[in-house]
Structures are given as C-alpha cells and as structure tokens.
1. Taking R0 as 45 Å, what's the FRET efficiency between Arg140 and Ser246 from their Cβ-Cβ distance, rounded to 0.05?
2. Summarise the long-distance tail of P(r) for region 214-333 by giving the % of C-alpha pairs beyond 25 Å.
3. Among the listed pairs Lys194/Lys258; Lys194/Lys224; Lys224/Lys258; Lys128/Lys219, which are separated by more than 23 Å between their Cα atoms?
4. Within a Cβ distance under 12 Å of Pro72, other residues only, what is the Lys/Arg minus Asp/Glu net charge?
5. Calculate the FRET efficiency for Arg207 and Arg280 from the Cβ-Cβ distance with a Förster distance of 35 Å, rounded to the nearest 0.05.
6. In whole percent, what relative contact order does region 180-260 give with Cα contacts below 8 Å and a gap of six or more residues?
7. With a cut-off of 18 Å, note down the residues of region 101-126 whose backbone N falls inside the zone around a label point 7 Å from the Cα of Thr71 toward its beta carbon.
8. In Å and from the alpha-carbon atoms only, list the Rg and Dmax of region 70-131.
Amino acid sequence: MRGSNVRPKRALDIGVARMIHPIDSKTNRSGSGAQRVMSSPIAKRRRSMGPDDCRISQESPSTEKNNSTATPSYLLIWRSQHHHGLFSNFTLALTFVRRHYVPGRTAIAIDWSGLETYPCNGQNLWRKLFLQPYEVNCERVSQARRIENTEFPGDFSNLSGVADHGGELNRVVLVEGRKLVRQHIRVQPAIIQKACKFVSHRMTKYRKILAVHVRRTDKISESKLNFLFRFQELHGIILTHMQLYSYDGFFLCSDDQKLKDYISTRSGDLCITYDAVLSRNKCVPPHFDKNIDGYRKAEDVLVEVLVMASCAGFLSTLSNVANAVMFFGNSELVKNHTYFHVAAYQHIDDYQGFPLAHAPTILEDSTVKKDSTGKNGSTAKKSSTVKKGPTIKKLGKKIA
C-alpha cells in the first residue's frame, strides 16, 4: 500500500520494547497500556507523553487470561525438522500453534534443538529467543501428558508475501499473523534490551525512519521479483521513497553483504545498519552458511526484525522476514508498507535516477514512448494516473 502523508511518530514514540513485549519484565504481569509503555527503557524518556501518544500496536492477551493459571491435559511439543531460515520456521511454528492449541486442554511448546541451519550444541534455540507459548498463556504443564510431534504443519500464509506465486502479503494473512504473535509470542527480555539499546544509541537523532529489507542470495528460486533491480536502482528507489514521504533516515537490512556495503557507503548518515554476520558467498544466505555461529545468526536476524518493526514505514522485497516485521510491527509501519516493485511503478515520474534502458523490462508500454521504428525511445511519458503497480502475476510473466 502507498505510504500515508500523515506524519507518524518518531522512532522513540514507537520504540521496540513496548510494542513487542507487553508483559512487564519486572513484575511478569500484564499491566495497563500506560504501565507497559513506561516499563521500557526507551519510553522512560517520554514520560511527559500521554497514553494516547504512546500507542501499542500489539495488545497483550487479556488480563483475565494472564492472571489465571490453566492446567491443560496435554503438552504438545513440536520438534521442527525443517532446515530453513529462522522466520520460515517461525511461520511454521505459528501454523502449528494455530492448528493445535486448545485453551485449557492442549498447551504448546516449540523445540528448535535439532535445526541444522542454526546449531546450538543441542540447546533449544526457541527457548533462547522466545518464551514458550504455554508460558505466555500462563499454563501449568508439569502434570500434563507430553506428546512429541515432528509433522510439517503447513504454512498458514500460503507463501503470501514470501514468493512470487504467493503474491503480496494479503490482509487476511496479515491480521491472522499479528493475532497469533499477540496471543502466543513473547521475545526474551535480553534480546529486547539489545534491540532497545541499538535504537537508543543509533536512531534517536532521526525524526522519521524507514525500515528497508532486501532479500537476495538464494531467493531467486522463489522470487524473481526480488532481483528486478540492480544495486544502484534499489538505492535510487529508497532515496526517492524517503523524499516523497519525508523520512530523514533508513534502517537497512539484507542477507547480501555487498548490497549493504554498496548502499550504506553511498548514503552516509542517512543509512543505519546493524552489525549482523553475513555470508561471504553472495549466493548463500546466513542460515545456510555453516561457518557462522548458529545462535549468533539467529539473534542477529531477530534483533533486526524488532528494530525494523519499530520504524515509521517499511520498504521491502518478498520474504518471511518481511512478513515477520509486519506481524511484529506497530500500526504506523503496517499502514506505510510498500514493496520495491510497487514503489518503482508508483514513483516512476518522481524517480529521475531510474535507467530507461532497464525500464522496458518491468514497465508497461504506456509508460515509455516509442519512436517511428517501434523501438523504445529515450523519453518516459509523464503520467499522473499511475497510482498502483501491476499484479505480481503480470510482473512474473514479464521477467520469466
């Protein structure tokens, strides 16, 4: 969707802690919205603001539910044997919870101790990153009958927002994903503190920050759309989008180290990056690089997602990571989310840096003049009616 012209809150006003971990880490109880806001280290600087200004995009489960303690009959433990990226497994975990959780009867636990892509010396990676769903729902499982499950639970998103054939993230999946995260997911406090510290140290000087995520490396097998643009074109789209919607900085995340280096060195102080460890092989994503510590690469991408989720807007390619940002993100970010291929169509008249030699590959003929020989000319038509880009299916046909 196209970004809103409404001026959103500063990065501090939509900080990470009050959005992602509504349970007060000191009391381990859910408080009111204002109490949860003031429990975050970032929000302490904003005590003069009223509760209406400190909006929480993800509500906690009801106070009644958290204050009561359920004793389920079964504890269903899902041991993931699907060796993919962190947020691909995260989506599968959400799907498993969605299918099998029954309040008061079946509690859920996630076991990521056997993921080959994130080896942690036999430790449960999920427990190092998140609380267990049964802990979030305050369920006593000591007497529950334990049942292990290794099934492939399916994907509730049907690859919406992940692959070309799945299309852009649709509203039904977005609403369901945010609901599942709100009800069953809590990030470990230590990781939230790390994300908050990064925001406090690196992002407080900016008034309005755009989160940017570009998934590349091996994604070509699922999404050709992610490879529509060269480095300089991606950089130009980012700068144009920032100018059009008055962003004064952007937080860049990618699995491609060369892309991050290219854009960050040419953007100066406008660009903020997190020191995530990436593969030196341009065709290998971090989760498939066995030379990178399993826990480190998992924590890095989770911290990046939390920081992106606290920004005022979001520009992304298709990926599970981008979906996770939308599931965790504040309402302002969700409203101001745009895909790169959509932004290129929306802003073609404004984007002076877009190379016309590349334009016919992705643009409809109506946006490029033709000379008498029928070949593409060198001048693009000005069109004020271009408001929405083509569907992913149409784009897929053009680049197949």
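1. Efficiency, from the Cβ-Cβ distance: 0.35.
2. Numbers: 1319 of 7140 pairs.
Tail of P(r) above 25 Å: 18 percent of Cα pairs.
3. Cα-Cα > 23 Å for Lys194/Lys258; Lys194/Lys224; Lys128/Lys219; rest within.
4. +3
5. Details: r = 36 Å, r/R0 = 1.02.
Calculated value: 0.45.
6. Details: 53 pairs, mean separation 32.0, N = 81.
Relative contact order comes out at 40 percent.
7. Backbone N within reach: 103-108.
8. 12.1, 35
Values in this text are rule-based calculations from the coordinates and carry no lab data. Predicted model only: the values in this text are computed from it and were never measured. Note that each Cβ is placed from the backbone with ideal geometry, even for glycine, and that neighbours are counted across all protein chains shown.
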